[in-house]
Structure formats: C-alpha cells, structure tokens
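Let me begin by handing over the structure; questions about it come next.
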Amino acid sequence: MKRTCFVAVLWTFIVSSQVQASGVVDAQVDDFDDVQKEETVGVREGSVVVAPIPFSNPTIGSGLVLGAGYLFNIDEGSDPSLLGLAALRSDNGSEGYGLAANFYFDNNHWQIETLFANAQINYDLYTPTAPLPISQSGILARASLSYGFTQDASVGMSLRYLNTDINPASPGLPPIPPPFDQFLNVEIANIGLVGKWDTRDDTIYPTNGFIVEGEVTQGYTLAGLTDDYGKGWINFTHYMQPFQRAVIATRLSTCAVSTTTPFFDQCSLGGTDGFRGFSATQFLDFRSLSAQVEFRRQFTDRLGAIAFAGVGMVGPQFNELKIGGTHSSYGLGARYRVSKKFPVDFSIDYSRNSEREDQLYIYVGQRF
C-alpha cells in the first residue's frame, strides 16, 4: 500500500477495498477463481465481488470497510483490471466512501490507476504538549499512468488533487495552535513521477524477489495559506524463502519533504512505510528512515502466523534523525487464508512499541 494521516487513511481504505474485491469471502472468491480458470478476456466476461471486512489501527480505531468490485481482463497477458467502490466507518466517527478504476493492458505495458475519495477522518495530532483531537474532511482524487519498459520495470506520471478542511474534533476546544492553524482550509494539486522495479514471484504473497517503488511529487497550493512543497519517498522490499512454507520479508524505507510541507503530507512512521506500532500522526517531520523485518510461517493451507520487528527515526534532516530518538516496535500476528486459490490472508497483528504501548491491527493482506 503506498502513500500520512488523512491522505494515508483515504488511500489505505481504497486499496483495502481492492484487495477485498480480489477475494475475501470464499463463496465470492470461487466465482472469481472460475473466471480466471476459464481465462476469459473482455469487459463483459468479468466477475462481481462484494466483501465486508473489519479493520483496526491506532490512527482511526476499529470499524468496517465494505468493498465491491468488478474484475475483468482486457487481454490475456495483463493483470486483472478493476472497477471498485468502498465505504468506511470507524468507532471514533471517521467515515467516508471512495471509487477506484485500475486498467492494465498491452501485456501489462500500460497501467492506469485512478481513485476518488470523500471522507471525514478523526484522529489525534501529536504536539509537544499533548495529543490534539482533529477532525479533517475533504476530497481526494488521484490518477497515475505508467509504462513498462521491461517485464519488471515501469515509470510514469501521477496527479493528485486534495481539498481539505481541518477543525478541532470536539466542541469547546481552543483554537488550533501555531503553526498548524495556517493549514485549516487547503486546496492542493500535486504532480509527480512514479517508478517501480518488481521481480517478485507473486504480487499477493511473494516468496522470492524484490520490489523497489517510489514517487517524487511537487505540490502547488491552489487555495489556503500553505506554500508549494516537494515530497519524495522510496521503499525497497525483499523476500526470501529459507524453507518450505516460510518467508522472510524485509523493508527499508525513506522519505523526504520540503520545510513548507503541511503536516498531513509530512514523513511519518506508519505513513508511506507501513510501520506498525504507532499512530501515523505520532511522529511527523521532514525526514524519515525505517527498517522492518517479518518472518511468515504457513502451518496449513489455511492457517499461518508471523513475527515482526521494526526501527525508525524522524527528524528535520537526515543528519539530525537521532534528535528525536530511535523508535521501535515488535509483535506477533495470525493469518487465515480466505481464498482457496489466491493467497489472500485475513490478518490480525498485535504490537508493542518502545514506549510500552500496545496496538492492534486488523486488515486484509500483508503489511508489506
């Protein structure tokens, strides 16, 4: 999953709905499996899938995402394309809906990915004094076009539009203190370059290979008091299989933004890197660096477990990352394989961080 706080939440629940639509409920997955087995090609030969799934994370709490999708193959050599929609609601009052359309054709040489989301997200913005309850609403639209020069490597362009309002989450709270008050009403357009080098043996549950993916964007303020800003991030994820039914996955991530970047687009642990153990709004700054490792073990065709650990730092510059200290977390997780033919897992992870806080994560698929 790519892309912190408000922006990351919207992107996460859209991507989650796409994973669900690829096969979360067995009865529905069987229909999709039949379509794939028959190798049907064409928009009319697709399959409709509907799947509700619970979630839990430290940023917006626990809730439910309802996803629906229509999957079809444009040509035999390309991945399935998707038309999908999703709706989200959590126990802290966060709610929203989104639409996505992804198209893969010409033997995967061309890849078009689009999404639209409208949501109100409630979360705690961590300040030097205390967490500040925030309610952030807005519209997010994103589109990217990539071309695969080889079977493994592709580059392309991305466009994003964000119109968002930020307010205290509870009546009677004092005004948002500086410097955050200048970002209350913002309209931003981002244009960027995306790249990917992917040698994994499977996109859902890789056992060997690696993927390097990243994005560099320039943000332009259309309305509000924010300035133009730049952002770049890159993730390198490697997979190896030490023995049968076991996988070791490692990820190195880094992020950098300009000093004029609004807080909701800054680097964070749990933002672009998928780091577990902290809220995505707890450690925000202009630079971040993290490393994670996960051991995955499949005991039966259905049941599995994982153990994970990670360390990360954020700071104003890369040579100042140690100012805020090193943050770490570790934990265990359970996996249930929900599809008979596709390696899609229902995941429950329990983590403890370096501040002795416990967090619960419930989601579909793997964290990375």
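The values are calculated or read from the model by the stated rules, or taken from the named source; none is laboratory data. Just so we're clear, the structure is a prediction, and the values are computed from it rather than from any experiment. Here the Cβ is made from the backbone with ideal geometry for all residues, glycine too, and neighbour counts use every protein chain on show.
Would you check which residues across segment 120-134 are within 13 Å of Asn92 (Cβ to Cβ), buried (at least 18 other Cβ atoms within 10 Å of the Cβ) and not aromatic (Phe, Trp, Tyr) and list them?
If the condition is that a residue be within 13 Å of Asn92 (Cβ to Cβ), buried (at least 18 other Cβ atoms within 10 Å of the Cβ) and not aromatic (Phe, Trp, Tyr), then Ile121, Asn122, Asp124, Ile134 are the ones that fit.
Quick one: in segment 148-180, of everything that is modelled with pLDDT under 65 and under 14 Å from Phe264 (Cβ atoms), which residue is surrounded by the fewest Cβ atoms within 10 Å (Cβ to Cβ)?
That would be Pro179.
Where residues in segment 89-107 are surrounded by fewer than 17 Cβ atoms within 10 Å (Cβ to Cβ) and more than 18 Å from the chain's Cα centre (by Cα), which of them is modelled with the highest pLDDT?
Asp91
What pairs come up if the first residue lies in segment 344-368 and is at positive phi, the second is small (Gly, Ala, Ser), and their beta carbons are under 8 Å apart, counting only those six or more places apart or on different chains?
Matching pairs, first to second residue: Gly365/Ser16; Gly365/Ser347.
Of the numbered conditions (1) farther than 17 Å from Ser78 by Cα; (2) modelled with pLDDT of 90 or more, Leu125 satisfies every one except a single condition; which is it?
(2)
Any residue that is at pLDDT 95 or above and over 30 Å from Arg245 (Cβ atoms) - is there at least one of those in segment 328-351?
So far as segment 328-351 goes, no, none of its residues is at pLDDT 95 or above and over 30 Å from Arg245 (Cβ atoms).
Here's a follow-up. How about segment 270-284: which of its residues are on the phi > 0 side of the Ramachandran plot and either of a type in the set (Lys, Arg) or touching a strand residue (DSSP E or B) at 6+ places or on another chain (Cβ under 6 Å) (or both)?
Residue satisfying the conditions is Gly277 alone.
So, one more: Output the residue which, of all residues in segment 334-358 that are of a type in the set (D, E, K, R) and part of a strand (DSSP E or B), is surrounded by the most Cβ atoms within 10 Å (Cβ to Cβ).
Residue satisfying both the conditions and the ranking: Asp345.
Residue by residue, here is whether (1) outside any strand (DSSP E or B); (2) farther than 22 Å from Gln292 by Cα; (3) of a type in the set (S, T, N, Q) holds:
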{"position": "Asp201", "(1), (2), (3)": "yes, no, no"}
{"position": "Thr217", "(1), (2), (3)": "no, yes, yes"}
{"position": "Tyr220", "(1), (2), (3)": "no, yes, no"}
{"position": "Gly232", "(1), (2), (3)": "no, no, no"}
{"position": "His238", "(1), (2), (3)": "no, no, no"}
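Report yes if some residue within segment 240-252 is closer than 22 Å to Ser144 by Cβ and within 20 Å of the chain's Cα centre (by Cα); otherwise report no.
yes
Kindly list, by first and then second residue, each pair from a residue in segment 295-307 that is among the polar types (S, T, N, Q) to a residue that is in a strand (DSSP E or B), limited to pairs with Cβ atoms under 6 Å and residues at least 6 apart or on different chains.
Gln298/Gly304
Looking only at residues in segment 136-168 that are within 21 Å of the chain's Cα centre (by Cα) and of a type in the set (D, E, K, R), which one is farthest from Asp198 (Cα to Cα)?
Only one residue fits best here, namely Arg160.
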